[in-house]
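The values are calculated or read from the model by the stated rules, or taken from the named source; none is laboratory data. The shown structure was predicted, so the numbers you read here are calculated from the model rather than taken from an experiment. FYI the Cβ positions are ideal-geometry reconstructions off the backbone, even for glycines, and counts take in every protein chain you see. Heavy atoms of the whole protein, side chains included, go into the accessibility calculation; ligands, DNA and RNA do not. Shrake-Rupley method; radii C 1.70, N 1.55, O 1.52, S 1.80 Å.
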Amino acid sequence: MDQIKIGKFIATLRKEKGLTQEQLGEKLGVTNKTVSRWENGNYMPDVEMLSLLSEEFGVTINELIIGERVDSEDFKTAADNNLVTALNNSVFTLKEKVSYFKKKWLREHIATIVLCVAAWVGVIILIALKTYGDDIFPLLGGVGCLLAVLFYAILYNRMMAYVEKRAYQDPENETEDKSKSRK
């Protein structure tokens, strides 16, 4: 999508209707500055605004997204191209997907994490209570730290495998995977 081309098209349509930026903004419920930003290509109208703009100007949303009027013969190709572009420009960035799936994994596994940490602390306390010598506490501390690091590494590895499977998955393979799981 070429925001500048879309903006120029919006400006052309507005001028064809004899509207000022302020008048168009009033009709759509936005400020004249917002209309100006659209026309300059600084911002894209959201989906709701694209719908209102298409109704106001008597064009399709596809024509607005392309930034020009489309003949009925080219309409199907233009619609397909717009759909592919929209799907490729996902709402979420890769960083946002990774963060989302990390949080999701932690929420799903919080009980396991708490149970393992409680068990680890309980074992350390039981060993400490059964041992009366002061020489064993440094050893217990070292073993406890080693177990904690090992536990962290295992859980982190499992979490990242979960995140990688979901955040980096190709959308085409995702539909194949779902169809395989149904069989």
³J(HN,Hα) computed for each position of region 55-67 - Karplus, 6.51 cos²θ - 1.76 cosθ + 1.60, integer Hz, glycine/proline x: 5, 4, 9, x, 10, 8, 5, 4, 5, 4, 5, 6, x
Phi-based couplings in Hz for region 106-119 (Karplus 6.51, -1.76, 1.60; Gly and Pro marked x): 4, 4, 6, 10, 4, 5, 5, 5, 5, 4, 5, 5, 4, 5
Exposure ranking of C116, C145 by accessible area [1.4 Å probe, largest first]: C145, C116
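Give the relative contact order (percent, whole number) for region 1-74; include only Cα pairs under 8 Å separated by 6+ residues.
Relative contact order comes out at 41 percent.
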Modelled FRET efficiency - R0 30 Å, K17 with K97, Cβ distances, 0.05 increments: 0.15
Under Karplus coefficients 6.51, -1.76 and 1.60, residue-wise ³J(HN,Hα) of region 21-36 in Hz, glycine/proline x: 4, 5, 5, 5, x, 4, 5, 8, x, 10, 7, 5, 5, 5, 4, 4
Surface accessible to a 1.4 Å probe, D2 within the full protein complex, Å²: 80
